[in-house]
Amino acid sequence: MDLLERESQWQRMNDTIKGVFNGEGAIVLVSGEAGIGKTSFVTAIAESFRPQTHVLWGACDPLFTPRPLGPIYDIAVGHLTYLVDLLHSGADWLAIAAALHKTLLESSAPTILVFEDIHWADEATLDLVKYLGRRVQQTKTLLVLTYRDDEAGSKHQLHSVLGDLPPQHTTRLHLDPLSEQAVAVLAHKMKRSVKGVYEATGGNPFFVTEVLRNDTADIPATVRDAVLARLTHLPIPTRDLLELAAIIPGAAELWLLEETLHPNPSTLDACIEGGFLIPSGESLSFRHELARLAIEGSVAPGRSKELHCGVLQALRTRPTGEIALARLVHHATRAAEASIVLEYGPQAARQASQHGAHREAAHYYEAALHYRQQLPLEEQARLLDHLSFECYLTGQIDPGIQMRQEATDLWRRAGQREQVGDDLRWLSRLYWFQGNKAMAERFAGEAIAALEPLPPGKELAMAYSNRSQLHMLAEENEAAIAWGKKALELAEILQDTEITIHALTNIGSAELLIKEEDGRARLERALRMAQEQEMHDHVARCYANLVSRAIQDRNYALGERYLRDGLTYTTDHDMDSYSIYLRGWQARSFFEQGRWADAEAEAEEALRLHPGSAVIALPAITTLGHLKARQGDPQASRWLDQARDLALPTGEFQRICPAAVARAEASWWNDQPAQALVELESAFRVSYPGQDDYELGTMVYWNRRAGGTMARESEIPMAYRAMIEGNWQASAEAWAEIGCPFERGLALAEGDPDAQRAALEIFERLGARPAAHKVREKMLERGIKGLPRGARASTRANPEGLTPREMEILALLGQGLSNSEIAGRLFISSKTVDHHVSAILAKLQVRNRSEAAAAARQKNIL
């Protein structure tokens with residue numbers, strides 16, 4: 001195959017495949033705009049190595065709602081029949097991924113595994129790709145992923161998948177448009193005039209090819225015009241067939257075209273010979289997706305509905321299970337066939353949910369609910385409950401609340417009191433995720449009031465446990481334990497493991513808050529039970545509670561252990577809500593230990609990924625605002641305002657206190673002590689009696705420093721108590737042992753000249769400009785001479801805007817170290833190094849690591 005201006009990409013792909021032949025599995029990402037030639041490029045590579053390899057190819061189709069695990073069906077049929085059985089059994093994506101990974105591990109011959117157009121992939125397919133990508137190095141496999149970067153915007157979920165692939169095993173190939181010279185070569189080969197072609201197409205290979213294929217003399221202004229112009233010159237039967245093929249996403253089976261339109265063989269031949277359709281086995285597909293879209297968009301609404309009806313009718317004649325539910329729902333929706341949408345939509349949603357494709361499941365339920373007025377009240381309510389649950393899982397909290405409220409009203413009208421109570425409990429949970437404590441409390445009470453008059457069942461037990469959880473989150477520990485025990489009593493009667501785990505998690509977390517070590521044992525027991533039962537949500541919740549408590553207690557070693565295990569678990573299971581939440585706590589841990597560059601990178605990554613829930617985002621937002629306040633960054637107020645606005649409605653001390661303290665400290669550094677006291681009031685109002693409580697300690701410390709009179713020293717740890725009492729030596733020693741350099745600097749700043757010099761050094765090293773400025777002023781007032789001038793301006797803010805950590809990593813890049821080697825050298829994660837390297841490349845305006853090292857040498861940055 002003749003591929004113009006793809007020589008460098010071809011060579012890099014060949015080099016990568018050679019490594020695969022030597023047992024070094026790898027990933028290649030092939031990206032570019034629509035029509036750039038990704039499929040042609042990968043096809044040429046696969047064909048050149050086909051005699052020596054197994055080639056497995058699956059494609060994602062632009063259906064109304066993506067078909068769950070669509071590419072796996074392509075791969076399975078005719079190649080891996082055992083996967084067909086797994087798919088039909090309703091196995092989730094993880095089981096299917098593990099089976100496919102086992103096959104790749106056991107294959108003696110190299111495998112080229114292609115996932116085409118993954119920007120159209122469903123959630124389960126993306127999960128599966130991420131799973132395989134993290135393990136590809138264990139196999140003799142080249143995993144090729146193609147996607148349109150012009151359709152994958154900055155918030156597209158694909159980026160979270162690509163960002164998690166191991167960088168040391170991943171090669172990125174971007175295909176650029178053709179040059180003017182290459183367009184001239186193509187025009188010469190096709191014996192066409194090149195005049196105006198490059199200007200009209202911008203060098204897009206598909207645009208160029210389609211324009212050059214046009215038999216008319218004029219160059220169309222756009223490719224759409226070019227495609228439709230060619231269409232108008234075709235016989236009516238050929239146009240009709242192309243319109244039919246265009247409304248079928250992906251490949252159209254020959255039998256489907258024949259049963260729907262009954263075309264003559266010559267009509268099929270004309271579509272192929274004209275360059276519109278290409279045969280593949282017993283199917284036909286458009287040579288270019290853009291051509292299909294252009295034709296589909298040109299079909300009149302009435303004609304489009306007629307064609308979808310015909311396709312739907314033909315598909316429904318096939319044996320049960322042969323046609324994917326996703327296809328049936330797609331065509332039924334476009335045909336406005338209400339009864340068929342209602343028949344297949346919920347089935348497709350359940351199947352998608354089983355595969356872990358919860359966003360797709362939500363779309364299918366939405367399609368069915370469009371016609372809900374044709375259903376009985378109970379069926380409407382059940383669909384709304386299912387949709388609300390899928391919204392909850394995918395972070396769409398506001399729509400989830402709306403759906404659940406509508407379902408509650410319908411269950412009331414239907415007289416189903418248990419369902420009403422259960423939905424009220426779910427509303428409490430959803431409003432908590434929204435950060436609205438008042439509504440969460442209201443519905444928690446209403447759920448119990450609705451269910452207690454009824455025979456006790458799981459609904460009531462979960463309502464009790466939900467109440468326990470709310471008390472635990474508000475640090476009302478005695479009430480949390482009491483309600484948790486009520487739930488446990490019912491769980492024992494009902495023999496329900498899930499209720500037991502949920503209640504134990506609440507009780508153990510509450511006991512930890514009051515310094516009962518039995519609480520940790522109880523919480524870890526709940527964790528083990530959840531792991532044994534493979535209850536992913538409960539496992540993640542246990543990790544979240546263990547992590548947050550350890551870091552709040554400044555027990556960073558324990559917190560890091562839980563973080564490591566929790567992040568591994570939630571990442572492996574693609575539980576984004578929990579992994580994002582844990583990332584926020586990782587950022588806070590880094591921040592408090594003086595690893596500010598790492599803290600900033602983790603917080604920014606969490607905020608890039610977070611799905612919109614206030615509770616999930618708060619640790620990262622508060623940490624980022626606090627960090628920037630200590631740096632004297634004007635952007636601090638933006639993050640701290642957001643932290644306050646999200647924290648206050650939760651009514652929970654554990655969320656309000658960090659935001660209030662960060663805002664108070666920012667006011668202090670801006671010489672506004674009175675405002676600092678005002679900022680702390682919101683936290684004092686919801687505070688609780690403490691016992692060696694660091695959260696309470698930081699609040700009391702800043703209150704006293706700003707001139708307040710809060711006297712709660714007996715409730716706070718010695719490190720803070722010594723600071724307040726003026727025992728700076730004891731405080732500095734305590735903070736050094738704990739591992740918090742900034743707080744140690746605060747203590748030393750109150751000491752003798754030598755201690756103040758040490759404090760100044762700490763603040764300068766951290767980049768804490770306001771604190772360094774205040775210490776310097778205090779030392780000058782005392783007449784201390786010979787002060788260091790501080791970091792040079794060129795070091796504090798070099799011309800390229802690199803942070804100290806980025807400078808450190810740039811130096812190691814210059815030594816030729818890989819990201820994983822840098823991570824080991826600096827004791828940070830490879831993911832954090834990836835973020836820093838990306839920032840370095842952007843700031844230096846270079847394309848790769850070699851260019852970054854060269855730029856550093858050229859500009860004398862190091």
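The values are calculated or read from the model by the stated rules, or taken from the named source; none is laboratory data. Everything numeric in this text was worked out from a predicted model, so none of it was measured. All Cβ positions, glycine included, derive from the backbone under ideal geometry; neighbour counts span all protein chains shown. Just so you know, the surface numbers come from the protein's heavy atoms only, side chains and all, with ligands and any DNA or RNA stripped out. Shrake-Rupley method; radii C 1.70, N 1.55, O 1.52, S 1.80 Å.
Summing Lys, Arg as +1 and Asp, Glu as -1, what charge do residues with Cβ under 12 Å from the Cβ of V28 carry, V28 excluded?
With Lys, Arg at +1 and Asp, Glu at -1, the neighbours total +2.
Estimated at the nearest 10 Å², the accessible area of D240 is 50 Å² with a 1.4 Å probe.
For the stretch 735-780, give the magnitude of the charge dipole about the Cα centre (Cβ charges: +1 Lys/Arg, -1 Asp/Glu; no others), in debye to the nearest 20.
On the way: 7 positive and 8 negative charges, 47 e Å.
Roughly 220 debye, rounded to the nearest 20.
The mean sequence separation of alpha-carbon pairs under 8 Å and at least six residues apart, normalised by the residue count of the stretch 569-620, gives a relative contact order of 42 percent. Ordering F276, Q137, S577 by the projection of their Cα atoms onto the charge dipole of the chain, which places +1 on the Cβ of Lys and Arg and -1 on the Cβ of Asp and Glu, puts Q137 at the extreme positive end. A Cα-only calculation for the chain places Rg and Dmax at 31.0, 100 Å. Put H363, H262, H288 in order of accessible area, highest first, and with a 1.4 Å probe you get H262, H363, H288.
Longest exposed-loop-site-free stretch of the chain, with trypsin sites (Lys or Arg not before Pro), DSSP loop and at most 13 other Cβ within 10 Å? If you can, show how the numbers build up before the last one.
Working: sites that count: K155, K191, K195, K515, R782, K785, R789, R792, R847, K859.
Value returned for the longest uninterrupted segment is 196-514.
In this structure, R525 and Y688 have a Cβ-Cβ separation that, at R0 = 22 Å, corresponds to a calculated FRET efficiency of about 0.30. Entry note, the stretch 413-526: relative contact order of 19 percent, from Cα contacts under 8 Å with a spacing of 6+ residues.
Calculate the dipole size of the chain relative to its Cα centre from +1 charges on Lys and Arg beta carbons and -1 charges on Asp and Glu beta carbons; express the result in debye to the nearest 20. Display every interim value, and only then the final one.
Numbers: 91 positive and 115 negative charges, 428 e Å.
Once rounded to the nearest 20, the dipole reads 2060 debye.
For the chain, the relative contact order works out to 7 percent when only alpha carbon pairs closer than 8 Å and six or more residues apart are counted.
Using 0.36 nm per residue and subtracting the Cα-Cα separation, the extra length available between E781 and D641 on full extension is 47.0 nm. Our helix-only sum for the chain, with -39,500 (n - 2.57) per DSSP H run of n ≥ 4 divided by its residues, gives a mean residue ellipticity at 222 nm of -21000 deg cm²/dmol.
The residue list L375, F115, V329 was ranked by how far each Cα lies along the charge dipole of the chain toward its positive end, using unit charges on Cβ atoms, and F115 comes out on top. For the pair V185 and N22, label points projected 7 Å from Cα toward Cβ lie 3.0 nm apart.
When you filter the GluC sites (Glu not before Pro) in the stretch 249-319 for DSSP loop state and at most 15 other Cβ atoms inside 10 Å of their Cβ, you are left with E282. Charge dipole of the stretch 334-471 (Cα centre as origin; +1 on each Lys and Arg Cβ, -1 on each Asp and Glu Cβ, all else neutral): 260 debye, rounded to the nearest 20. With a cut-off of 14 Å between beta carbons, the residues surrounding I621 carry a summed charge of +2, where Lys and Arg count +1 and Asp and Glu -1.
Only protein atoms count toward the accessible area here, which uses a 1.4 Å probe; on the chain, the carbon and sulfur part of that area reaches 50 percent.
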